[in-house]
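See below for the structure under consideration.
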Amino acid sequence: MTELILSRLQFAVVSSYHFLFVPLTLGLSVLVAMMETWYVRTGNETYKKMTKFWGKLFLINFAMGVVTGLVQEFLFGMNWSEYSRFVGDIFGAPLAVEALLAFFIESTFLGFWVFGWDKLSKKVHVLSIWLVAIATNISALWILIANSFMQEPVGYVLRNGRAEMTDFLALITNPHVFYQFPHTVLSGFVTGAFFVMGISAYHLLKKNHQEVFRRSFHMAVIFGLISAFGVAGVGHLQAMHLVQAQPMKMAAAEAHWETENPAGLLLFASIDEQNHKNNSGLEIPGLLSFLSYDSFTGEVKGINELQAADIQQYGPGSYIPPVTPLFWSFRIMLAAGMWLVLVPLLGLYFYKTKRLDQKTWFLKVLLWTIPIPYIANTSGWFMAEVGRQPWIVYGLQKAEAGLSTSVSATSVLITFIGFIVIYGVLAVADVYLLLKYIKKGPQEADTKQSPISGVKGASLWT
């Protein structure tokens, strides 16, 4: 394989692995903050048990997210140095703000929260976890501002073969951010909610700490349901924006080869990418026009017309991303999204009718639904990043032009294998720790015990 393919695969593995931890961090941080807020308001020790139990799982996930995220920074310099040279003045600015502002607040107040039980007042202590949750989500904002420039470049000028920032305000108010940020954060909220619901279901099935996990479930099911509807709404708006900003991405995700008005939506299809057509499929008339314009009439440009326009604008070459994987990743994301709306609707109904404990089949479904938000998140990011190909910065730099010139395929392959091995070991360690403390359940509310008490190696921090 070439340096380009290996480097793309390596970055895909590293970023996908890191992104397994990010959504849960976004959602679980807010849920833990809500639990402690209820404890401070009511004085009910059940909420304190909840806070410490879910807080311990949050800390394990947070640590893994930090470790895996740092590797991406090195890849920009090692494998993608030409990209870094081209766009570093712009891409580096929001990442610097994220590190110096959001991550600094996040890590500092997380330390206060972990070691501040009964050393800080209740109000200051709960404020610490809220600052962690807010900073965590602000951190996502700045990272997505950087990513949004790659998707929809704004506020720049090309000078001496480099993109230079001319308008910082335009960068942070990029229209792409207003759709990508809430979509990502709400997806994280859904992930956190289903993590809590699934583990609560496990303990309710085992008849362990039932009051703790009934309350955990109730809080998570409402949080998850609101967030799931939010994801669906923002996702629709984002798709409408992408039809205008990145029409090739949306056309590829729908395997929409020819321009049509009105345009139908394919539920499934047998795609012939070589001949630019679909051999068979099931189509709903007018639905693609509706998803694009909120109207059952409206012209949706096809891949073939967009390819011809791109050749005319950018020169010879193929500007069509891989259609088949995009088509199915989009449908996997949509199917998962519908499931993630249906399940909390049922869960809330069973809880309100006081039949949740009796529905053992539903509790088992909840347990096995924990991976579904992860599948939806990964499918969504696959569409966002692969759908931009062949561009690394849309309309400005192709992926092949961003590759480091001094990196050999052999060195990339060796490090790629190394990352897979190391990440495999980390995955085993992460799953082991999570399962260990999930099965252990909440401890009695010891006022002198921090959320990491009992974790092997915790004494190194105290």
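The values are calculated or read from the model by the stated rules, or taken from the named source; none is laboratory data. Remember, it's a predicted structure, so these values are computed and weren't measured experimentally. No Cβ is skipped: glycine too gets one built from the backbone with ideal geometry, and neighbour counts run over all protein chains shown.
Of the helices (runs of 4 or more DSSP H) that lie entirely inside the stretch 236-330, those containing 1 or more residues that are crowded, with 18+ Cβ neighbours inside 10 Å and among the hydroxyl-bearing types (Ser, Thr, Tyr) span 287-293.
Quick grid of which residues meet (1) of a type in the set (Lys, Arg); (2) in contact (Cβ under 8 Å) with a residue 12 or more places away in the chain:
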{"site": "319", "(1), (2)": "no, yes"}
{"site": "335", "(1), (2)": "no, no"}
{"site": "340", "(1), (2)": "no, yes"}
{"site": "348", "(1), (2)": "no, yes"}
{"site": "364", "(1), (2)": "yes, yes"}
{"site": "382", "(1), (2)": "no, yes"}
{"site": "389", "(1), (2)": "no, yes"}
{"site": "400", "(1), (2)": "no, yes"}
{"site": "407", "(1), (2)": "no, yes"}
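All of 213, 223 fail the test of being part of a helix (DSSP H, G or I) and either of a type in the set (A, V, I, L, M) or in contact (Cβ under 8 Å) with a residue 24 or more places away in the chain (or both), apart from 223.
From 103, 53, 76, which residue is within 18 Å of the chain's Cα centre (by Cα) and either in the same structural domain as residue 213 (by TED's automatic domain parsing) or surrounded by 18 or more Cβ atoms within 10 Å (Cβ to Cβ) (or both)? The conditions single out 103.
Yes or no, residue by residue, for (1) in contact with a helix residue (DSSP H, G or I) (Cβ under 8 Å, 6 or more places away or on another chain); (2) in a helix (DSSP H, G or I):
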position	(1), (2)
88	no, yes
106	yes, yes
110	yes, yes
120	yes, no
138	yes, yes
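Give the residues of the stretch 397-431 that are under 23 Å from the mean Cα position of the chain (by Cα) and within 23 Å of residue 61 (Cβ to Cβ), sorted by residue number. Residues satisfying the conditions are 419, 420, 422, 423, 424, 425, 426, 427, 428, 429, 430, 431.
Does residue 411 fit the bill of being out of contact with any Gly (no Cβ under 8 Å at 6 or more places or on another chain), polar (S, T, N, Q), without any contact (Cβ under 8 Å) to a residue 40 or more places away in the chain and assigned to a helix (DSSP H, G or I)? Judged against the criteria, residue 411 is a match. From the list 198, 264, the lone residue that is in contact (Cβ under 8 Å) with a residue 40 or more places away in the chain and of a type in the set (Gly, Ala, Ser) is 198.
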